[in-house]
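Working notes, beginning with the structure itself.
A short reminder: the numbers here are calculations on the coordinates, not readings from a lab. None of these values were measured; they are calculated from a predicted model. No Cβ is skipped: glycine too gets one built from the backbone with ideal geometry, and neighbour counts run over all protein chains shown.
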Amino acid sequence: MDINVMIEGQDEVNWDRWQRIVRTVEDSGFDGLFRSDHFTNEDGPYTDSLELWVSFTWLAENTDRIQFGSLVTPLSFRDPIFTARMAKDVDNLSDGRLTLGVGTGWQEREHEAFGYDLLDLPDRFERFEEGLEVIASLLRTDEPVSFDGEYEQLNEAKLLPRPNRPTPILVGGNGRNRTMPLAAEYGDEWNGVWTTVDQFADLCDHMDDLLRAEGRDPDEFTKSVMTRVVFGRDETEVERLVEDETDADGVDDLRQGPVIVGTEAEVAEHLDRLEEAGADQIMLQWLELDEMDRLEAMADAIL
């Protein structure tokens, strides 16, 4: 199972922090680095939020081996045509290390603040499905593409230069009725979000059924999971972090949910269980963006 770091790009991420995080992930041996794509958080003060594709362009040119990607970029404020265009160019620049993660969009605050129409849920998913089909067609088809939808239109469109490979498309979310079926139809990877081990195992079984219904081999499809990690070098540090950095009523309370919490042995055991449940890779959400020493210590402990 690939072990990746995931950060929230709207949580005071500027160039200094981004470059430090990228270098730490690359040098520590993690398989990849993923980040969210938001203007701001759903509440609280505005903080630094480095633009996604600009940050990925720097990463592609300044790293050698780590995978990277969006988890996820919302098609509610990202034009799918430009998203496909930027993704294949950044993927080519990185010699094929990008995963393009896409979603419907959900946060009302950023849409209202910057003038984007989030739409109600049914229309939002209709727009998302059109965007997914457009992105998949532009990235995977060498012939000119035409499309006539309610939200997207193409007329013999073709993106050049062509991607050196079909850039992998990730669809993130736990929705059984819309999100996961769209992942099975258009995606190369599905990402489950904030699930317990048992919940993730059940969702993986459901995804396998959806893939078979699409005539696809589940063994050729990637299943991943994103959840927060609270890692401490000893029990005292774990207890302090849980008290200072979470709303949980102690370590035992936090362990009842999806968060991976503990020292080396406890984190490794949780990762093993997720792999047994069906995870091909995991994105460990790391919220303490200035604590690179502890991130390095976790890499030394679990990789």
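Rounded to the nearest 5, what % of DSSP beta bridges with both residues in the stretch 2-302 are antiparallel?
Antiparallel bridges make up about 10 percent of those DSSP assigns within the stretch 2-302.
Let me know the Kirkwood hydrodynamic radius for the stretch 208-303, please, with Cα pairs as the basis and the value in Å to one decimal.
Evaluated over the stretch 208-303, this radius sits at 14.7 Å.
Defining a contact as two alpha carbons under 8 Å apart and six or more residues distant in sequence, what relative contact order in percent does the chain show?
Worked out over the chain, it gives 18 percent.
With the dipole of the chain worked out from charges on the C-beta (+1 for Lys and Arg, -1 for Asp and Glu) around the Cα centre, which of ASN155, PRO122, VAL54 lies farthest toward the positive end?
Farthest towards the positive pole: ASN155.
Could you tell me the convex hull volume per residue, in Å³, taken over the Cα atoms of the stretch 164-217?
82
So between ASP252 and ASP217, what do we pick up on full extension, going 0.36 nm a residue minus the alpha carbon distance?
8.7 nm
Can you check what the net charge comes to around GLU264, using other residues whose Cβ is under 10 Å from the Cβ of GLU264 (Lys, Arg +1; Asp, Glu -1)?
-3
Relative to a virtual label point 7 Å from the Cα of ASP117 in the Cα→beta-carbon direction, which members of the stretch 142-178 show backbone nitrogen distances below 13 Å?
The answer is 150-152.
If R₀ is 25 angstrom, what is the calculated FRET efficiency for the pair ASP64 and ASP272, using the beta carbon separation as r and rounding to 0.05?
Between ASP64 and ASP272 the formula returns 0.30.
If you take the C-alpha gyration tensor of the chain, multiply each eigenvalue by 5 and take the square root, what semi-axes do you get, largest first, in whole Å?
Here the semi-axes work out to 31, 21, 20 Å.
Determine Rg/Rh for the stretch 1-50; Rg is computed over alpha-carbon atoms and Rh is the Kirkwood hydrodynamic estimate from the same atoms.
1.03
Please work out the C-alpha center-to-center distance from the stretch 33-95 to the stretch 243-303 and express it in whole Å.
Rounded to whole Å, the Cα centres lie 24 Å apart.
Once the convex hull of the alpha carbons of the stretch 136-204 is built, what does its volume come to per residue, in cubic angstrom?
109
Have a look at the DSSP beta bridges in the stretch 90-240 and tell me what percent are antiparallel, nearest 5.
Roughly 20 percent of the DSSP beta bridges within the stretch 90-240 come out antiparallel.
Are there any GluC sites (Glu not before Pro) in the stretch 176-220 that are in a DSSP loop and have at most 16 other Cβ atoms within 10 Å? List them by number.
GLU214
Dipole size in debye (nearest 20) for the chain around its Cα centre, Lys and Arg Cβ +1, Asp and Glu Cβ -1?
1100
How big is the dipole moment of the stretch 259-303 about its Cα centre under a simple scheme where the beta carbon of each Lys and Arg is +1, that of each Asp and Glu is -1, and everything else is neutral? Debye, nearest 20, please.
The dipole of the stretch 259-303 has a size of about 140 debye.
State to the nearest 20 debye the size of the charge dipole of the stretch 132-256 about its Cα centre, where the only charges are +1 on K and R beta carbons and -1 on D and E beta carbons.
640
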